[in-house]
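Below is one structure, written out as structure tokens; the observations come after it.
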Amino acid sequence: AKAYSRLAEKITAGEAALAKLLRSIELAEAADQKIRALLTQRSQYYEKGVAAIIGEADELAGLYEPLRHQIEGQPGALGKLTFNVRRAVDVDAWASRGEKLIDTRKAGPFRGKGSLLEAARTDLFPAWETGSANIIAKALAQFRNENDASFVKQSLEDRSNIEKYRAWAAELSAWLYSLDHIKVRYSIQYDGVEIEQLSPGTRGIVLLLLYLSIDQNDDRPLVIDQPEENLDPKSVFDELVERFRETKLRRQIIVVTHNANLVVNTDADQVVIAKAGHHKLGALPSMTYVSGGLENSEIRREVCEILEGGEPAFLERAKRLRLRL
């Protein structure tokens, strides 16, 4: 009886231990399932974030589309304009931030400065730059699967210090799933060169042509202040003369200029010549104005005084432009 009792006690104790073990297994499995669910959720949020960036790029491209269609096939400088919307990926900044979270002195695939950058350029950059949201999410998931063990191996924190290690793991995860290195960039290009990189003269002519061409249905007066600062004479004649003539049929164009070449070459209908009088101390100079068409002899004389080349140059331009004098 005693032996039976001891055996029963052992069985009971064994069953209790087994139940405890099974409970531990259940808790571990539940925790593992929760971890997997959270990882899946994080990947989904990452994909949605990427999709939002791609959506922004598509939206911008759509906004440019009417203008792109409008200038398509235009002669001269306008026909060389293109509108570019793209994803700009700063993979160097992303890798630099990641290198601060690992010990690049330890043995591993990311040993030495630049190793992480090289891996990112190979495994992630192509997807970041041109891939869909799903392709980018899959590329990052694969990058994690292949390198998670390496990140742990090259961790800056020892696993024995649970609090610090968890903080490091959270920071590493936040870096891996960050999107602040992916931006949407848009630009206007002229003959394949971004407009900011053009010479002042070329940039000026391109922007002015855009101003004159964008609003085909706009009949409000357009004021252009001293365009000669960025335009060379050849550009004025080659590109602007005909454009001014077309535009002034539907809207008034007012050009403020010190360059009489611009007045004559664009065949101005009305010329207003301003002259400053004596400048008294502490006061603005007095201003006088005279106006009229180029057919007016007084206006023509004033213009010839300002015009480079004087009256002969004026007559030559008038003949070329078929001005009625």
note = Binned at 10 Å from zero, the C-alpha pair distances of the range 155-205 give percents of 20, 23, 14, 13, 15, 12, 2
ask   = Using the 10 angstrom Cβ neighbour count as an exposure proxy, how do THR130, THR266, THR257 rank, fewest first?
value = THR130, THR257, THR266
Of LYS248/LYS275; LYS113/LYS164; LYS48/LYS106; LYS80/LYS138, those spanning more than 30 Å from alpha-carbon to alpha-carbon = LYS48/LYS106; LYS80/LYS138
query = Under a point-charge model restricted to the Cβ atoms of Lys and Arg (+1) and Asp and Glu (-1), what is the dipole moment magnitude of the range 59-212 relative to its Cα centre, in debye to the nearest 20?
reply = 320
request  = May I ask you to list the GluC sites (Glu not before Pro) in the range 66-146 that are in a DSSP loop and have at most 12 other Cβ atoms within 10 Å of their Cβ?
outcome  = GLU72
query = Once you list every other residue whose beta carbon is under 14 Å from the beta carbon of ALA52, what net charge do they have if Lys and Arg are +1 and Asp and Glu are -1?
reply = -2
query = Measuring from label point to label point, each 7 Å out along Cα→Cβ, what is the GLU65 to LEU281 span in nm?
reply = 6.7
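Bear in mind these aren't lab numbers, they're just calculated from the coordinates by the rules spelled out. Here the structure is a predicted model, which is why all the values come from computation and not from measurement. So basically every Cβ, Gly included, is an ideal-geometry build from the backbone, and we count neighbours across all protein chains shown.
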